[in-house]
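*Asks:* Quick one: the structure is below, and I'll ask about it shortly.
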Amino acid sequence: MTGQTFKPVTAAEIVEKTKQYAKDGYRLIQIHCTKTPQEMFIIYTFEKIDLSCENLKMDVQVGDTVPSISGVFFGAVLYENEIHDLYGVNFSDLAVDFKGTFYETSVKQAFAQTGADNKE
Amino acid sequence: MGERTIIPFGPQHPVLPEPLHLDLILEDEKVVGAVPSIGFVHRGLEKLVEKRDFHEMVYVIERVCGICSFIHGQGYCQTVEGLMGIEIPERAKYLRTIWAELSRVHSHILWLGLMADAYGFESLFMHCWRVREKVLDIFEETTGGRVIFSVCRVGGVWKDIDNDTLKRIVTVLKDVEKEIKELSDVFIKDYTVQKRTRGVGVLTYQEAIDLGAVGPTLRGSGVPMDMRKLGYAAYGELDFEPIVEKDGDCYARTLVRVREVFQSLDLIYQAVNKIPDGEIATKVRGNPPAGEFISRLEQPRGQVIYYAKGNGTKYLDRFRVRTPTFANIAPLLKMLPGSDLADVPILALTIDPCISCTER
Amino acid sequence: MSGMNALLAVILYIVLAPIIGGLISGVDRKISARMQGRYGPPILQPFYDVFKLMAKQNIVVNKHQKFYILCFLIFVIITGAIFFAGGDLLLAIFALTLASVFFIVAAYSTYSPYAYIGAEREMLQIMAYEPMVILTVVGMYMVTKSFNVIDIATYDQPLLFSLPGIFLGFLFILTIKFRKSPFDISMSHHAHQEIVRGVITEFSGKELAMIEIAHWYENVFLLGIVCLFFASNPIIAIILALLTYFLEIFIDNNNSRLKWQSTLGSAWIVALILGVGNIAFLALL
Amino acid sequence: MGFNVIGKTIMKSLFGKPATAMYPIVKNEFYPNTRGRIENDITLCNYCGLCGRRCPAGAIEVSKPEKKWEIDRTRCIVCNFCVQVCARNALSTERHYTTPMTDKSKRITTLYGEKEEPVKEKVQENA
C-alpha cells in the first residue's frame, strides 16, 4: 500500500512544500496531530488522482505557531481549526479562523494531554 | 435586494437530525453566506485508544458511525493488521467485502430516502426505507446486529456465512434490486425531482479536487477516484470501475449513488461466486509494534483515512479517523452561497453528512 | 332558499364542517400512509391531536398573535357561512382572502425567521392562486348570470360541461390551497425541511388547534366549491368532491416540493390557458 | 422525464398489505443469530473475570470471593466480545432484547454462584 513513508518537514518550509505538491497535481486529504508522551507532530497527507499518496511529518509543541496552508488548499481550514482547538497549536494566516469555537469541548485543548501525562 | 436575514440551520433542524449548525445569511431567499459550526457531540473516541486495548478498540471504532459502522470496524482492523504485518485469510477478506458492500447498499438507499425527504417527496422516502429494511434483515440474520455488527476482529472476522445462506442472500438481493430499479426511476426520470436537483449546487471538476471532496461528491464532478481501486480486502480480485458523472450538480450526485447501489449488488454477486473455503481468522500474537500505518478505504460517503501509531504495548499511542463528511464540509461551504433557501436542505444532504461520524 | 333555511344551513355548517373536515383529514392521513406502505394513524387522529393541543400550556411570543389567529378562524367561518347560506360567492372569496391576510399578519407578528419566510411564501401563494379563483367565479357567473351561490347551485345543468377548463384550473390551485406537494411551500404537514413549520412555526397549544380547525372549515368550503360544478345532482357532486380530494392526495404523494418561482409561474400559466381560455370560449359562443 | 413516475408503486401499496407492523400487537421475529442480551450460565462460570476486563464498555463486574457475576444492562453494548473470550463457554447471547426500563435500579442483573444453596438469580437493588 502506498503512503507509508513520512517525510520530515519544518514549519518554515511547509507552505512552499504544499505549493509544490499542489503544482504536481496532489491534493490535501488530511492533516492530523499526534501527541505521545515522547513526541508531538503533525502529519499532512497529500493524494494524487491515481491514488498514490505522500505524507509530511512536522514536529511541533503545544503553543507553537505554525503557518497555515489554507491559502493553498481551502479545505485545510477545518483540520487546522480542529488541531488548534484540541491540541493548542496555533496557526497563522488561517483563511477562516474560528478562534477556538470550532469544537466547543468542556476541557480546552483536550487532546494536548496524554493518558501518561495525567498519571504523573 | 432585501434586508439580510440570518436563518439558523440546525443543530436541531428537522431535515437533518444531526448536530450541524449553519448560520445562513440570506438576502430574500438567496443564501449569500454560510458559517458552519460543529462540536456539539464531540465524544473523543480517538482518545479512548489510550484506555482500551487494541482488540477492544474495534467495538469503540465501530460506534463512530451508525450507518457505516462495519467499514469503520474493517478499516480499524485493516490498519492494525497493517501495523502488525498480519495477512488475513482469503475467506475473511471476501466476507468483509460482502458486508462492506451490503453496508454501501443500505447506506445509499437510506441516503436516497433522505434526499427524497429533503425535497418533500414523502412517499418516495418511505418506499426507499421499506426496501432498506430487507438489507438490514440480512445483516441481522448473518451478524446478529441490524446496524452495529461487531463481526470484525483484528486478524479476520468472528462469524462465517455458510454457502447456502450466501446463495439465499443473493436471491433476496435480486428482489431488492428489482424494487430499487423501480424506485430509482423516480430519481432519474421524475420531472419535479429533476426540477429540484438539476443545476443545483454545481461543483466543478477542479473545485472538487482542490477542496478535497470525497466519495460520490467527488465522483459526481467527474473525478474517477474510488479507494476500492487500491485493492484492499477482496476488491483487487473483483471486476468494477469507479462510477463517474460529469455534471457536478445534485442530480449527478444522486445518479452516482443510484448507480453505485447496482454496482455494489453486482460486487456482492461476484464475491459470492468467487468466495473460497477456509479459515475466517488468523491467530493474532503479541502487541502492535512501534510504528505508524495509514490506510484509506472507501465508505458509502467517501474516502475514510485511518492512522495508527503503535508503541509495542497493547495500547495504541494514537488512532486517528478522518471521516468522509469532514472532508466534504469544505465543498458544502462552496456550494451554499448563491443557492436558494429551498436548496439548502438538498445541498446539505447531497454530501451525505454524518456529523456524529465527523465528531469522533 | 328562505331566510329560515339559510340560517339552518349556516348552523349545520358551523357544527358539521369541523367534523367532516377532521374526518377528511383523518382519511387523508390514512390513505397517504397506505400509499407509503404504512398502516397510518387511526382515522380519528386529527381530533385527538386537536383535543390534546387544547389542553396544552399556552405560550405566546406576541400577545396580539392570538387575536389575529382568532380573526383568521372567524373569517374562515364567515366565508363558509356566506357560501352555505347561498350568499354572494364573490363576497365569500374576499372573506377568505381577508382570513388569509390575518393568518399572514399573525405569522409576521411572531418575529421568527422561519415564520417570516413562511409568511412571505404564503403571500406569494395568494398571488399564485387568487387569479384562478376569481376566474372560477367569473366563469360561473357567465354561465348562470348570477354571483349568488343559491342561483349557481340550482342552475339546471352541470357547470362542469360548460366550464371544463376552469374546473381543471381550479383543481390545480386546490393543490396550493390544500397545502399539498408540489406546492406546499409555506407550510404543510411536511414542509419542515426548509422552514421548519413555516407560517405556524411559533404557534402552539390552543392557537395551533384553532389554525387546524380553521383549515378544516376552509377545506369543507373548498370542496363545496368543487360540488358547485355538479350541483344539479348532489350525490354525483359529493362523489366528485371526494374524487377530487383523492386526486389531491395522489398528487401529493407523487411529487416533490417545487420552489415558489415554479408555483407562481405554473399557477399563472394554468390560470391563463385553462381559465382565460375557457372564459374566452364562453364569450365567443 | 415524466410525471407520476412513482404512481404505480404507490397505488400498489395502497391496495396491498402495509410493510410496517402494528408493533406492540405484532411482535418482531428474531433470527437465531440476533444479539439481544448477554446471559451467563453461572454453573459453568469460574469467576476468572476475563469478560469484565475485556468489556469495552465496562459493563461486567466479577468477584471471585463472592462468586458474583454482575452486568449493567444499560452499559452493555452487546458487542459479543465477552462471549468470544469466555474460556468456559459460560456466556451466551440471548435472542431477545433487554426490555426498556423506567426504574434505574433494575438496570443491573446480578448472578451468584452456588455457595450452599443452588443457583439463584435476583435483581439487586440500586447497586
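The values are calculated or read from the model by the stated rules, or taken from the named source; none is laboratory data. What you are looking at is a predicted structure, and each value in this text was computed from that prediction instead of being measured. Virtual Cβ from ideal backbone geometry, glycine too; neighbours counted across all protein chains shown.
Conditions (1) on the phi < 0 side of the Ramachandran plot; (2) of a type outside the set (K, R); (3) touching a Cys at 6+ places or on another chain (Cβ under 7 Å); (4) away from chain A (no Cβ under 13 Å), marked per residue:
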site: B:F319; (1), (2), (3), (4): yes, yes, no, no
site: B:T323; (1), (2), (3), (4): yes, yes, yes, no
site: B:F326; (1), (2), (3), (4): yes, yes, no, no
site: B:P345; (1), (2), (3), (4): yes, yes, no, yes
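*Asks:* From the set of residues in the stretch A:83-105 that are buried (at least 23 other Cβ atoms within 10 Å of the Cβ) and within 9 Å of chain B (Cβ to nearest Cβ), which is farthest from A:V60 (Cα to Cα)?
*Replies:* A:F102
*Asks:* So which residues in the stretch B:298-318 are within 16 Å of B:V154 (Cα to Cα) and in a strand (DSSP E or B), if there are any at all?
*Replies:* Result: B:Y306, B:Y307, B:A308, B:K309, B:G310.
*Asks:* Could you list, in sequence order, all residues of the stretch B:188-212 that are facing chain A (nearest Cβ under 9 Å) and touching a strand residue (DSSP E or B) at 6+ places or on another chain (Cβ under 8 Å)?
*Replies:* Correct list: B:I209, B:D210, B:G212.
*Asks:* Filter the stretch B:131-144 down to the residues that are within 14 Å of chain C (Cβ to nearest Cβ) and without any contact (Cβ under 8 Å) to a residue 12 or more places away in the chain and list them by number. Write out each step before concluding.
*Replies:* Taking the stretch B:131-144 and keeping what is within 14 Å of chain C (Cβ to nearest Cβ), we get B:131-134.
B:E133, the sole residue that qualifies.
*Asks:* Test each condition in (1) more than 10 Å from every other protein chain (Cβ to nearest Cβ); (2) surrounded by 13 or more Cβ atoms within 10 Å (Cβ to Cβ); (3) of a type outside the set (V, I, T); (4) more than 15 Å from A:F91 (Cβ to Cβ) for A:A11 and report the one that comes out false.
*Replies:* (4)
*Asks:* When you go through C:I77, C:I93 one by one, which is the residue that is in contact (Cβ under 8 Å) with a residue 12 or more places away in the chain, in contact with a Phe, Trp or Tyr (Cβ under 6 Å, 6 or more places away or on another chain) and surrounded by fewer than 23 Cβ atoms within 10 Å (Cβ to Cβ)? Reasoning before the result, please.
*Replies:* Details: C:I93 fails: in contact with a Phe, Trp or Tyr (Cβ under 6 Å, 6 or more places away or on another chain).
It is C:I77.
*Asks:* Only one of C:F102, C:F167, C:F161 is closer than 14 Å to C:N278 by Cα, assigned to a helix (DSSP H, G or I) and either in contact with a Leu (Cβ under 9 Å, 6 or more places away or on another chain) or of a type outside the set (A, V, I, L, M, F, W, C) (or both). Can you tell me which? Before the answer, list the steps.
*Replies:* On the way: C:F102 fails: closer than 14 Å to C:N278 by Cα; C:F161 fails: either in contact with a Leu (Cβ under 9 Å, 6 or more places away or on another chain) or of a type outside the set (A, V, I, L, M, F, W, C) (or both).
C:F167 is the lone residue from the list that is closer than 14 Å to C:N278 by Cα, assigned to a helix (DSSP H, G or I) and either in contact with a Leu (Cβ under 9 Å, 6 or more places away or on another chain) or of a type outside the set (A, V, I, L, M, F, W, C) (or both).
*Asks:* What do you reckon, is B:N273 modelled with pLDDT under 85 and surrounded by fewer than 18 Cβ atoms within 10 Å (Cβ to Cβ)?
*Replies:* Values: modelled with pLDDT under 85: no; surrounded by fewer than 18 Cβ atoms within 10 Å (Cβ to Cβ): yes.
No.
*Asks:* Could you list all residues from the stretch B:38-55 that are within 30 Å of B:L83 (Cα to Cα) and within 9 Å of chain A (Cβ to nearest Cβ)?
*Replies:* B:H42, B:G44, B:E46, B:K47, B:E50, B:K51
*Asks:* So, one more: What single numbered condition from (1) more than 30 Å from A:G25 (Cα to Cα); (2) part of a helix (DSSP H, G or I) fails to hold for B:A208?
*Replies:* (1)
*Asks:* Determine, yes or no, whether B:V35 is touching a Pro at 6+ places or on another chain (Cβ under 8 Å), free of Cβ contacts under 8 Å to residues at least 40 places away in the same chain and within 10 Å of another protein chain (Cβ to nearest Cβ).
*Replies:* Details: touching a Pro at 6+ places or on another chain (Cβ under 8 Å): no; free of Cβ contacts under 8 Å to residues at least 40 places away in the same chain: yes; within 10 Å of another protein chain (Cβ to nearest Cβ): yes.
Here the answer is no, as B:V35 does not meet what is asked.
*Asks:* Look at B:A308 and say whether it is facing another protein chain (nearest Cβ under 7 Å), in contact (Cβ under 8 Å) with a residue 40 or more places away in the chain and in contact with a helix residue (DSSP H, G or I) (Cβ under 8 Å, 6 or more places away or on another chain).
*Replies:* Values: facing another protein chain (nearest Cβ under 7 Å): no; in contact (Cβ under 8 Å) with a residue 40 or more places away in the chain: yes; in contact with a helix residue (DSSP H, G or I) (Cβ under 8 Å, 6 or more places away or on another chain): yes.
No.
*Asks:* Moving to a separate point now. Is it true that some residue in the stretch B:336-349 is out of contact with any strand residue (DSSP E or B) (no Cβ under 6 Å at 6 or more places or on another chain), polar (S, T, N, Q) and either part of a loop (DSSP other than H, G, I, E, B) or at pLDDT 85 or above (or both)?
*Replies:* No, the stretch B:336-349 contains no residue that is out of contact with any strand residue (DSSP E or B) (no Cβ under 6 Å at 6 or more places or on another chain), polar (S, T, N, Q) and either part of a loop (DSSP other than H, G, I, E, B) or at pLDDT 85 or above (or both).
*Asks:* Please go through the stretch C:224-261 and pick out each residue that is crowded, with 17+ Cβ neighbours inside 10 Å and more than 21 Å from C:T136 (Cα to Cα).
*Replies:* At the first step, the residues of the stretch C:224-261 found to be crowded, with 17+ Cβ neighbours inside 10 Å are C:224-231, C:237, C:240-241, C:244-245, C:248-260.
Scanning the stretch C:224-261 gives C:I249, C:F250, C:I251, C:D252, C:N253, C:N254, C:N255, C:S256, C:R257, C:L258, C:K259, C:W260.
*Asks:* So which of B:E245, B:E279 ends up being closer than 25 Å to B:E177 by Cα and in a loop (DSSP other than H, G, I, E, B)? Break it down stepwise before answering.
*Replies:* Working: B:E279 fails: closer than 25 Å to B:E177 by Cα.
Every option except B:E245 fails the conditions.
*Asks:* Here's a follow-up. State which residue is nearest to the other protein chains (Cβ to nearest Cβ) when the search covers only the stretch A:14-26 and only residues that are in contact with a Lys or Arg (Cβ under 9 Å, 6 or more places away or on another chain) and under 30 Å from B:A290 (Cβ atoms).
*Replies:* Among residues in the stretch A:14-26 that are in contact with a Lys or Arg (Cβ under 9 Å, 6 or more places away or on another chain) and under 30 Å from B:A290 (Cβ atoms), the one nearest to the other protein chains (Cβ to nearest Cβ) is A:Y26.
*Asks:* From the list C:V196, C:V149, which residue is away from every other protein chain (no Cβ under 14 Å) and either among the hydrophobic types (A, V, I, L, M, F, W, C) or free of Cβ contacts under 8 Å to residues at least 24 places away in the same chain (or both)?
*Replies:* Values: C:V196 fails: away from every other protein chain (no Cβ under 14 Å).
Testing whether each residue is away from every other protein chain (no Cβ under 14 Å) and either among the hydrophobic types (A, V, I, L, M, F, W, C) or free of Cβ contacts under 8 Å to residues at least 24 places away in the same chain (or both) leaves just C:V149.
*Asks:* Within the stretch D:77-109, count every residue that is more than 13 Å from chain B (Cβ to nearest Cβ) and surrounded by fewer than 16 Cβ atoms within 10 Å (Cβ to Cβ). Step through it out loud before you land on a result.
*Replies:* Step one: filter the stretch D:77-109 for residues more than 13 Å from chain B (Cβ to nearest Cβ), giving D:86-91, D:98-109.
This time we only want the ones that are surrounded by fewer than 16 Cβ atoms within 10 Å (Cβ to Cβ), so: D:87-89, D:99-105.
The qualifying residues number 10.
*Asks:* Let me ask something else about it. Of the numbered conditions (1) outside any helix (DSSP H, G or I); (2) more than 19 Å from C:R197 (Cα to Cα); (3) touching a helix residue (DSSP H, G or I) at 6+ places or on another chain (Cβ under 8 Å), C:K63 fails exactly one; give the number of that condition.
*Replies:* C:K63 satisfies all of (1) outside any helix (DSSP H, G or I); (2) more than 19 Å from C:R197 (Cα to Cα); (3) touching a helix residue (DSSP H, G or I) at 6+ places or on another chain (Cβ under 8 Å) except (3).
*Asks:* Checking the structure you have, find out if any residue of the stretch C:48-56 is within 19 Å of the chain's Cα centre (by Cα), within 28 Å of C:L8 (Cα to Cα) and crowded, with 16+ Cβ neighbours inside 10 Å. Working first, answer last.
*Replies:* So the first thing to find is which residues in the stretch C:48-56 are within 19 Å of the chain's Cα centre (by Cα), and the list is C:50.
Imposing the further condition that a residue be within 28 Å of C:L8 (Cα to Cα) reduces the set to C:50.
After this cut, where a residue has to be crowded, with 16+ Cβ neighbours inside 10 Å as well, the list is C:50.
There is at least one residue in the stretch C:48-56 that is within 19 Å of the chain's Cα centre (by Cα), within 28 Å of C:L8 (Cα to Cα) and crowded, with 16+ Cβ neighbours inside 10 Å.
Residues are listed down the side, and each one gets a yes or a no for (1) under 22 Å from C:W260 (Cα atoms); (2) β-branched (V, I, T):
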site	(1), (2)
C:K63	no, no
C:T79	no, yes
C:D88	no, no
C:F102	yes, no
C:Y114	yes, no
C:G118	yes, no
C:A128	yes, no
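*Asks:* Could you tell me how many of the residues in the stretch C:138-179 are touching a strand residue (DSSP E or B) at 6+ places or on another chain (Cβ under 8 Å) and of a type in the set (G, A, S)?
*Replies:* Applying the first criterion (touching a strand residue (DSSP E or B) at 6+ places or on another chain (Cβ under 8 Å)) to the stretch C:138-179 yields C:147-149.
Retained after the next criterion (residues that are of a type in the set (G, A, S)): none.
Number of matching residues: 0.
*Asks:* Out of all the residues in the stretch C:235-285, which are modelled with pLDDT of 85 or more and charged (D, E, K, R)?
*Replies:* Result: C:E248, single match.
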